[in-house]
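Colleague: Handing you this structure, nothing more for now.
The values are calculated or read from the model by the stated rules, or taken from the named source; none is laboratory data. Computed from a predicted structure; not experimentally measured. FYI the Cβ positions are ideal-geometry reconstructions off the backbone, even for glycines, and counts take in every protein chain you see. Surface areas here come from the heavy atoms of the whole protein model, side chains and all, with no ligands, DNA or RNA. Shrake-Rupley method; radii C 1.70, N 1.55, O 1.52, S 1.80 Å.
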Amino acid sequence: MKDTDLIIHCAAAGVYKKEREKKIYKVNYHDSFKFLKKAFDIGCRNWIILGSSSEYGFLKNKPMSVKYTKLKPVNAYGKSKVLLFKKLFHSKMKKKTKILYLRIFHVYGSKEPKKRIYRGLIEAIKKKKDFKMTQGEEIRDFVHIDYITNKIYKSFKLFNRKSFFKVKHIAKGKPIKVKEFAKYHWKKNKAKKKILFGYTFK
């Protein structure tokens, strides 16, 4: 890392699949802080760190605010991300480092795991099959991966400034029910079959 200008830290455990809590805390908190501390010690002090909307707990149908919304994680993934955030925020490293902490909301894209809703929808459309899902009452602020990467690239210009610790959201700011998200993309892609709601999955 000695010749590295910028670190984009997006490694994490417990995002798309179940992991033991011990591993989640080790990767997301202990190992991540250890890695960043080592980067600091050798002089690599420009960091973009990807956080998560999971740090807020369950998303409500109201705008999330960096300044006013409290961090209330409900699972090991969210709690481990909050631990890293607070450790960095209270660290002495903050005064000599440029840190952009981006809380990413519910990302989707064609390369996501097959069990994720968007990938499942697209696969069903391609195969001209019905798509089975839950009632879809959960509320999410869905963000396409291309939107996220574009925002990250545009944020590079911030690193011309002096040391800072800045927290930002990457979100659309338009939370909707999962079933409405499914209906929108089903219609957009001119699906021939039906979405079947009310299924439970193990």
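Colleague: Multiply the residue separation of Lys17 and Lys187 by 0.36 nm, subtract the distance between their alpha-carbon atoms, and state the gained length in nm to one decimal. Don't jump to the answer; show the numbers that get you there.
Modeller: Working: separation 170, 0.36 × 170 = 61.20 nm, distance 2.86 nm.
In short, 58.3 nm is gained.
Colleague: Would you please give the residues with an amide H less than 5 Å from that of Ile8, counting only those at least 5 places away or on a separate chain, with H modeled from the backbone geometry?
Modeller: Hits under the 5 Å cutoff: Ile48.
Colleague: At what distance in nm do the modelled label points of Cys10 and Leu196 sit from each other, each positioned 7 Å from its Cα along Cα→Cβ?
Modeller: 3.5
Colleague: Let me check I've understood the local charge: for Arg45, count other residues with C-beta under 9 angstrom from its C-beta, Lys and Arg +1, Asp and Glu -1. What total comes out?
Modeller: +2
Colleague: Which of the aspartates and glutamates could a cross-linker span from Lys86 if the Cα-Cα distance has to be under 14 Å and same-chain partners fewer than 8 positions apart are dropped?
Modeller: Excluding near neighbours in sequence, the set is Glu55.
Colleague: Accessible area per residue of the chain at 1.4 Å probe, in Å²?
Modeller: Values: 13380 Å² over 202 residues.
Accessible area per residue: 66 Å².
Colleague: Among (i) 23.3, 70; (ii) 18.8, 58; (iii) 15.4, 45, only one was calculated for this model; which label is it, if the read-out is Rg and Dmax of the Cα atoms in Å?
Modeller: Working out Rg and Dmax of the Cα atoms in Å from the coordinates points to (ii).
Colleague: Now a separate question. Which percent of the accessible area of the chain is formed by carbon and sulfur heavy atoms (probe 1.4 angstrom)?
Modeller: Here carbon and sulfur together make up 52 percent of the probe-accessible area.
Colleague: In the structure shown, do any of Lys81/Lys172; Lys98/Lys151; Lys128/Lys183; Lys67/Lys87; Lys72/Lys168 have a Cα-Cα gap over 26 Å, and if so which?
Modeller: From Lys81/Lys172; Lys98/Lys151; Lys128/Lys183; Lys67/Lys87; Lys72/Lys168, over 26 Å: none.
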